[in-house]
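The values are calculated or read from the model by the stated rules, or taken from the named source; none is laboratory data. Quick caveat, the model's predicted, so the values are computed rather than measured. Here the Cβ positions follow ideal geometry from the backbone for every residue, glycine too, while neighbour counts run over all protein chains shown.
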Amino acid sequence: MKPIISRIQAIIILQFSLMMLTACSPTSQYPARILTPQNECRDVQVPIMGVLDRPANVGEVIGGALIGGVIGNQIGDGSGNDIATILGAGSGAILASDQRRREPVVVGYRTENRCELVYR
């Protein structure tokens, strides 16, 4: 009479069964526990934003003059070209100097109490 499973097959089944039982065991020494929601509050510093309103700087005025001069140079011929270039440079400088920059800046900080829900 021939055995239903061979000895090697029995060893493989036994090893697989032991491996599966090991995988089912707890992975830590601490038991499972129920986490409860808690409000955790703390003070944080929040920036107060303001707006800095500043005039155009020298670099911006010079850039405006250069761009205006290049545009003016494209207009007219001969001596009219020179006058258009000068007028374009002057107009570009005036337009650039009239521009004001509005930049957001931090003007201070305020303390604010913030809470978040954590589970412990």
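Brief remarks follow.
- The residues in the stretch 42-85 that are over 26 Å from Arg102 (Cα atoms), modelled with pLDDT of 85 or more and among the polar types (S, T, N, Q) can be counted, and the count is 3.
- Qualifying residue in the stretch 27-37 (condition: within 30 Å of Arg110 (Cα to Cα), under 37 Å from the mean Cα position of the chain (by Cα) and in contact (Cβ under 8 Å) with a residue 12 or more places away in the chain): yes
- Pairs with Cβ under 6 Å, 6+ apart, first in the stretch 107-118 and touching a residue at least 24 places away in the same chain (Cβ under 8 Å) and farther than 16 Å from Asp43 by Cβ, second assigned to a strand (DSSP E or B) and among the acidic types (Asp, Glu): Val118/Glu40
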